[in-house]
Amino acid sequence: MDELYDLISKGGGVEVTALGELEAKVWRKVSQVEARRRELRLRTAALCLAAGVGGLAGSISGSVNAGGRNELSIFSVELVAAPLNVRNLTG
């Protein structure tokens with residue numbers, strides 16, 4: 001290893017002290033990349049959980065409100081649930 005430092009010092013342009021900080025910089029960069037990966041995994045898990053809770057809440061409220069009509073019935077894909085004036089237009 002001493003020979004490497006001797007060759008670097010003879011080559012000029014690069015200080016030997018700068019190489020001592022290189023390992024710390026590399027580990028700092030590795031830590032940053034790992035933190036980004038953890039954050040991405042956490043965000044993905046939170047998004048999946050939110051979508052699951054939303055789907056569950058929507059299906060529960062949809063089954064509870066299935067008997068009555070509400071203001072969103074205009075967007076229904078079932079013709080029976082559509083308002084009367086829309087049924088007349090579609091034939």
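Structure summary
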{"quantity": "Verdict on Leu89 being modelled with pLDDT under 80, over 22 Å from the mean Cα position of the chain (by Cα), in a helix (DSSP H, G or I) and surrounded by 10 or more Cβ atoms within 10 Å (Cβ to Cβ)", "calculated": "no"}
{"quantity": "Out of Ala82, Ala24, Ala50, sole residue that is modelled with pLDDT of 60 or more and either touching a strand residue (DSSP E or B) at 6+ places or on another chain (Cβ under 8 Å) or surrounded by 10 or more Cβ atoms within 10 Å (Cβ to Cβ) (or both)", "calculated": "Ala50"}
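The values are calculated or read from the model by the stated rules, or taken from the named source; none is laboratory data. Source: prediction; values computed, not measured. Glycine also receives a Cβ, built like all others from the backbone with ideal geometry; neighbour counts cover every protein chain displayed.
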